[in-house]
Amino acid sequence: MSIPENSAISCKNIHLILGGKVILDDISLHIKQGEVTTLLGPNGAGKSSLLKILADEIKGTEKSNSAISYFNEPKQNWNRGKLAQHVGILPQQSTLSFAFTVREVVELGLLPLSLSRKQAQKVTNEMLEKVDTLHLESRSYPLLSGGEKQRVHLARVLTQLSESGDKTVLMLDEPTSALDLSHQHNTLKIARQMADQGAAVIIVLHDLNLAAQYSDRVLILNEGKIHADGSPWHALSAENIAHVYQHQVQVLKHPSADYPVIYTM
Amino acid sequence: MFLRQFPFYVLILSAIFLMVLVATFSIVIGPMTISVADSFKGLTPWANELPAHIQLVIHQIRLPRTIVCLLVGAILAISGTVMQGLFRNPLAEPGIIGVSAGAGLGAAIAIVAFSSIAMQYPLLMNIAAVPLFAFLGGALTTLLVYSLGTSKNGTSVAVMLLAGVAIGALSGAGIGYLNFIATDQMLRDLSLWSMGSLAGATWSSIALATVSLVILLTIFMRNAKGLNALLLGEAEAGHLGVNTQKLKRRMILLTAAGVGITVSISGMIGFIGLIVPHLGRMLTGPDHKVLLPLSALMGALLLTIADMIARIAVTPAELPVGIVTAIIGAPFFLYLLFQQRGRM
């Protein structure tokens, strides 16, 4: 498999075995720039593990030929600080319990950057605004609701990526799990917009319809293997979904837009 | 609680002002009455106009004691601040999780094991052997508690506190055994560790504490951004480009060094590292860049006040200062525990 030129992350022969259980079984894939790639699959399929391996947060079980590279540079050639400017990840949940203000949490995203005070303030304001949290800026973070916290962390990750230029990877691990309807769509629109500007966006989702609406490419994981990989129309077929989730569905075209809508039975 | 309404420089200047005020009082107060004017005079080049016994009390007893209070208080407070950041929990404090006890055991072992050289080389003993063993005891304890209590989801308060209980009991038994086999001279030195006292302050301990404070504060400040990121969680800090393994290792060693050195100078003094960072965060927030310098000042202030209370509460006798900090600190700890109880 040759590496495509616009590859943001390439991984080859990734295995992950935890406590004797195979979590990921020989995964090789390229994540492309300018696309929203969604990882779907039932609980325990290995979605979050794969995301963590792609983000270099955990290491795969060592096999002789496994490898990860970012923008066609092997992982080993990147130093931490440099990689942090280009690859950002929004965790499923954060354990922060200290009373930072919302603005201070977002400012933590400035760590890998070297911005002037003025630039930093501008970026922070812009990102706070983008995720609709500017009105919360001087609130104490631990007192926010789950959804508000999730949005604040998104602003932090967007701040971290504000100097990434044309090499950007944004990874979101279930970014909509605590959000209301309008903020779910706002978050995914931000992801969509980033991809349209050239970023590689990888999202772990549970909601098939959100995936269908916002993705260029859908990867369905099942039992540590890639079961389907392709456009939403291709990957989100009724057969694939029925096979992976053990649940009957019907897939129809959205009445006013060109993406599939999944109806559960 | 959220009291963040004062700019940083106002807080720092107020803390410095209070510190100078308290330090002056600390020199004035004591069993022998020395007037404020004479106390001030004792600190100037005109000190030799004072009666010899007053000079002696100021220069050999009260001044070194006050300076050691300030330095030890500052070291305890910044070590506590960093330890809480490292454990991502405001209950982590060297005394509570057993690090002081481990350091105390290390110091006690050094006193008993090297008692033969203590007579010939007291300086080597006091600024090298005892601090080194206290540091080793503290570092081992911190590593043990950290690896027991911390997972990727943060620190388990319950495990952390129980580990502290176990290590405290073990160190207590160790120190008790050393007391049992110790000679009278050793006993006098050992009795210092159990409760903490600043009465033994000398100019050599001041030198040791000054160097330690400068080194610790400098390195902590350089790592302030990394420590802030670590509060998010280890994985998140890693994604922000922080070398978390290296940072953790470094901070564990340095906080253990801070605790070990203070234990070797003044014995086990608890709760300064618990109260001060907590008050500091209420005043400025958790950002280590501003929290560390403020904690250093507030720690210096608090320990000097505690030592004054220890000196005047039961005159002409003197309370161990550890009793005073425990009386102030333990209810505070219970209050924090009460607040956290939903998250145990």
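The figures follow:
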| item | result |
| --- | --- |
| Hey, A:Asn240 closer than 25 Å to A:Val22 by Cα and assigned to a helix (DSSP H, G or I) or not | yes |
| Residue within the stretch A:88-109 that is in contact with a Phe, Trp or Tyr (Cβ under 7 Å, 6 or more places away or on another chain) and away from chain B (no Cβ under 13 Å) present | no |
| Among (1) within 14 Å of chain A (Cβ to nearest Cβ); (2) at pLDDT 80 or above - the single one B:Tyr146 does not satisfy | (1) |
| Set B:Gly30, B:Gly42: member being closer than 24 Å to B:Leu319 by Cα and modelled with pLDDT under 85 | B:Gly30 |
| Pick from the stretch B:220-236, criterion farther than 18 Å from B:Pro90 by Cβ, of a type outside the set (D, E, K, R) and in a helix (DSSP H, G or I), ranking: farthest from the other protein chains (Cβ to nearest Cβ) | B:Met221 |
| Of the criteria (1) assigned to a helix (DSSP H, G or I); (2) within 14 Å of chain A (Cβ to nearest Cβ); (3) buried (at least 24 other Cβ atoms within 10 Å of the Cβ), which one B:Ala92 fails | (1) |
| Number of positions in the stretch B:217-243 that are more than 30 Å from B:Ala107 (Cα to Cα) and either of a type outside the set (A, V, I, L, M) or within 18 Å of the chain's Cα centre (by Cα) (or both) | 10 |
| Identity of the residue in the stretch A:193-250, polar (S, T, N, Q) and within 17 Å of A:Pro42 (Cβ to Cβ), that ends up surrounded by the most Cβ atoms within 10 Å (Cβ to Cβ) | A:Asn240 |
| Scan of the stretch B:276-311 for residues that are touching an Asp or Glu at 6+ places or on another chain (Cβ under 9 Å) and either modelled with pLDDT under 90 or more than 14 Å from chain A (Cβ to nearest Cβ) (or both), ordered by number | B:Ala310, B:Arg311 |
| Flag if A:Gly44 is without any contact (Cβ under 8 Å) to a residue 12 or more places away in the chain and surrounded by 14 or more Cβ atoms within 10 Å (Cβ to Cβ) | yes |
| Total residues in the stretch A:76-99, condition assigned to a loop (DSSP other than H, G, I, E, B) and among the polar types (S, T, N, Q) | 6 |
| Residue within the stretch B:160-176 that is farther than 30 Å from A:Glu104 by Cβ and touching a Cys at 6+ places or on another chain (Cβ under 7 Å) present | no |
| Index of the failed condition, A:Lys118 passing every other in (1) within 13 Å of chain B (Cβ to nearest Cβ); (2) surrounded by fewer than 20 Cβ atoms within 10 Å (Cβ to Cβ) | (1) |
| Flag if B:Ser116 is surrounded by fewer than 20 Cβ atoms within 10 Å (Cβ to Cβ) and within 14 Å of chain A (Cβ to nearest Cβ) | no |
| Top-ranked residue of the stretch B:237-266 - restricted to ones that are of a type in the set (Gly, Ala, Ser) and at the interface with chain A (Cβ under 10 Å from one of its Cβ atoms), ranked as farthest from B:Ala134 (Cα to Cα) | B:Gly241 |
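Yes or no, residue by residue, for (1) free of Cβ contacts under 8 Å to residues at least 40 places away in the same chain; (2) closer than 27 Å to A:Leu18 by Cα:
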{"site": "A:Met171", "(1), (2)": "no, yes"}
{"site": "A:Glu174", "(1), (2)": "no, yes"}
{"site": "A:Ala178", "(1), (2)": "yes, no"}
{"site": "A:Leu181", "(1), (2)": "yes, no"}
{"site": "A:Tyr214", "(1), (2)": "no, no"}
{"site": "A:Leu219", "(1), (2)": "no, yes"}
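Listed here are the residues, each with its yes/no results for (1) buried (at least 18 other Cβ atoms within 10 Å of the Cβ); (2) in contact (Cβ under 8 Å) with a residue 60 or more places away in the chain; (3) assigned to a strand (DSSP E or B).
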position: A:Gly34; (1), (2), (3): no, yes, no
position: A:Leu50; (1), (2), (3): yes, yes, no
position: A:Ile53; (1), (2), (3): yes, no, no
position: A:Asp56; (1), (2), (3): yes, no, no
position: A:Gly60; (1), (2), (3): yes, no, no
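The values are calculated or read from the model by the stated rules, or taken from the named source; none is laboratory data. All values reported here derive from a predicted model rather than from experimental measurement. All Cβ positions, glycine included, derive from the backbone under ideal geometry; neighbour counts span all protein chains shown.
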